[in-house]
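Submitted below is the structure of interest, expressed as structure tokens.
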Amino acid sequence: MNIEDFPMLREDLIYLDNGATTFKPQCVIDKITEYYTKYSANAHRGDYDISYKVDQEYENSREIVRKFINARFKEEIIFTSGATESLNMIANGFFGKFIEPDDEILITQTEHASNVLPWFRLVNEKQAKINYIPLDDNHYVTLENVKKAVTPKTKVISLASITNVIGDERPIKEICEFAHQNNIFVVMDGAQSVPHRKTDVIDLDVDFLAFSGHKMCGPTGIGVLYGKKELLEEMEPQNYGGGMNESFDNPNEIYLKELPTRLEAGTPNIAGAIGLGQAIKYLDSIGMKKIEAYEKKLRRYAIEKLINIPYLDIINIESDSGIISFNVDGVFSQDVAYYLNKYKVCVRAGNHCAKILNQETGVLNSLRISLYFYNTESDIDSLVELLSNKEKIVEEML
Amino acid sequence: MDNRNIIMNHYTSSPYKKDFNPDLNYQKIETKSDSCIDHLNIYVKFENNILKDAYFNGEACAIATSSCSILLKNCLNKTVSEIVEYIKNFDNMVNGKDFNLEELKEAIVFKEIVRQGHRKTCAYLPYQGLKKLIDKR
Ligand SMILES: Cc1ncc(COP(=O)(O)O)c(C=O)c1O
């Protein structure tokens, strides 16, 4: 769908690495250019027209994000540099204040590094503990297993809503319901789901949500931290400095601004935030339901074809996101990626930043294709054709 | 043998690639790429400044694996300073500078391949690891 909107799709490429980042439609590029060419001023300096315009556009983007994830208040939307920064802010700025020795943090072995390492650091600092939710045979998270893993010491459950290698969708809403009955917070890493599915934070009832703009047609260097207002009020800013303070006379008298500004010290990524707002408008103009349905159909199409290649070992046949991970039997994934690259097919080889996943799946590395709505059946056909001849892969991988 | 066969032989059946439990006389070098998933462990044993024994294992692409195998083959029984020279020579080749063809032996198979930008990192990865260890000595 909508191929004509993307300048990158005019290049001679087949891009199947949308889990890493996505292409930008012309309207997003134009919006960013407009900021740099028509009203390139700083924010929060409303003394002159172009700066006033910056504030309007910047805050308008916040409102667009709020609506997009159905948050109650604009103050619940904090602009960050990406999902990684958002997750670090949550782990340090919020849980850093509350976690005590022996408290338990519950994650899984299929999380992205950005939803593991901030927690590792926290438990090291606080002498707390990481526990893992056992996964079922498909490496999925079930509510039953969450219940089994929770103890009276569990303080927070932090999960990707869709994982970046297996592509499975977690029952976040049910987990929140159970967790909240037990006074446990839930953090949702939405990096791989917000770009592909309708997200409703009120319906899900998550306490915190992190996602990145660049994986949803927006610019790099911009992301979002959502938190329930009463929780964000408690969050300790990771950065102090300009923009976030009300007044300061000496170290004992620092007065900070209200949310959301308090958590956005320094000159923000203005172009990024405005670009993200435009990207969301663009996604909404297509419709998240339609995007989801299209990707599911395309995934089924891909699986039906890939499954016929006998030496292809597909790791996640069942999951229903646009992520398909597989190996060509006997050929190192990176060599297959190099082979595909010769035909200008972009796929990712690797452990995809989910390094502890290896312990879980026993598969060290794999190839991953990750689809977006601008991919087509013809992209899949080209991939399948290239993978259909193993001798050719081995012959041409060098 | 043509270049392709040399690479494939070292990739699929290197005599230097094996799982083993090194004793204390071996030093371990862990080489990992920043940009890809190549990950090789190299084990070397020096005696009187001479590389007496070397093995490697791990998971990496055909280029990194075969390059490692050829590196160890070429460096066995060389002195530390000879190895330093050899690495420099390889470095010159992959960076398009003048180099001594004879010294490199089978390693010249990578001469063309490293023109594909990211493959250069793969071929050079084991060299980087060995160099780091020697620099520390
Ligand atoms: C599940 C998941 N979480 C977090 C991240 C981190 O996103 P970013 O690098 O944009 O901060 C990613 C990116 O690949 C991801 O896939």
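The values are calculated or read from the model by the stated rules, or taken from the named source; none is laboratory data. Predicted model only: the values in this text are computed from it and were never measured. All Cβ positions, glycine included, derive from the backbone under ideal geometry; neighbour counts span all protein chains shown.
Of (1) out of contact with any strand residue (DSSP E or B) (no Cβ under 9 Å at 6 or more places or on another chain); (2) more than 14 Å from residue B:131 (Cα to Cα); (3) of a type in the set (Lys, Arg), residue B:88 satisfies all except one. Which?
(2)
Now a separate question. Of the numbered conditions (1) over 19 Å from residue A:64 (Cα atoms); (2) in a loop (DSSP other than H, G, I, E, B); (3) more than 10 Å from the ligand (Cβ to nearest atom), residue A:165 satisfies every one except a single condition; which is it?
(3) is the only condition that residue A:165 fails.
Taking the stated definitions as given, is residue A:300 crowded, with 16+ Cβ neighbours inside 10 Å and part of a helix (DSSP H, G or I)?
Against the criterion (crowded, with 16+ Cβ neighbours inside 10 Å and part of a helix (DSSP H, G or I)), residue A:300 does not qualify.
Yes/no per residue for (1) aliphatic (A, V, I, L, M); (2) farther than 20 Å from residue B:131 by Cβ; (3) away from chain A (no Cβ under 14 Å):
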| site | (1), (2), (3) |
| --- | --- |
| B:4 | no, yes, no |
| B:15 | no, yes, yes |
| B:26 | no, no, yes |
| B:33 | no, no, no |
| B:39 | no, no, no |
| B:43 | no, no, yes |
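Another question, then. Limited to the stretch A:168-189, what total is found for residues that are over 25 Å from residue A:350 (Cβ atoms) and near the ligand (Cβ under 9 Å from one of its atoms)?
0
Shifting gears a bit: Of the residues A:93, A:82, which is touching a residue at least 40 places away in the same chain (Cβ under 8 Å), on the phi > 0 side of the Ramachandran plot and either among the hydroxyl-bearing types (Ser, Thr, Tyr) or not assigned by TED's automatic domain parsing to the domain that holds residue A:351 (or both)?
Residue meeting the stated conditions: A:82.
So, in the stretch A:190-222, of the ones that are within 10 Å of the ligand (Cβ to nearest atom) and hydroxyl-bearing (Ser, Thr, Tyr), which residue ends up surrounded by the most Cβ atoms within 10 Å (Cβ to Cβ)?
A:212
Grab the helices (runs of 4 or more DSSP H) fully contained in the stretch B:1-120, keeping just those with 1 or more residues being under 26 Å from residue A:350 (Cα atoms).
B:3-13, B:62-75, B:80-94, B:110-113
Quick one: count up the residues across the stretch A:115-137 that are in contact with a Phe, Trp or Tyr (Cβ under 7 Å, 6 or more places away or on another chain) and under 23 Å from residue A:148 (Cα atoms).
So the answer is 1.
Restricting to helices (runs of 4 or more DSSP H) lying wholly in the stretch A:312-398: which have 3 or more residues that are more than 22 Å from the chain's Cα centre (by Cα), more than 10 Å from chain B (Cβ to nearest Cβ) and at pLDDT 95 or above?
A:377-387
Look at the stretch A:237-259 and say how many of its residues are surrounded by 13 or more Cβ atoms within 10 Å (Cβ to Cβ) and touching a residue at least 40 places away in the same chain (Cβ under 8 Å).
Selection size over the stretch A:237-259: 4.
Per-residue answers, yes or no, for (1) touching a helix residue (DSSP H, G or I) at 6+ places or on another chain (Cβ under 6 Å); (2) closer than 16 Å to residue B:16 by Cα; (3) more than 14 Å from chain A (Cβ to nearest Cβ):
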site	(1), (2), (3)
B:54	yes, yes, yes
B:63	yes, yes, no
B:82	no, no, yes
B:91	no, no, yes
B:97	no, no, yes
B:109	yes, no, no
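Right, next: Run residue B:57 past the list (1) surrounded by 13 or more Cβ atoms within 10 Å (Cβ to Cβ); (2) among the polar types (S, T, N, Q); (3) free of Cβ contacts under 8 Å to residues at least 40 places away in the same chain and report the number of the one that doesn't hold.
Failed condition: (3).
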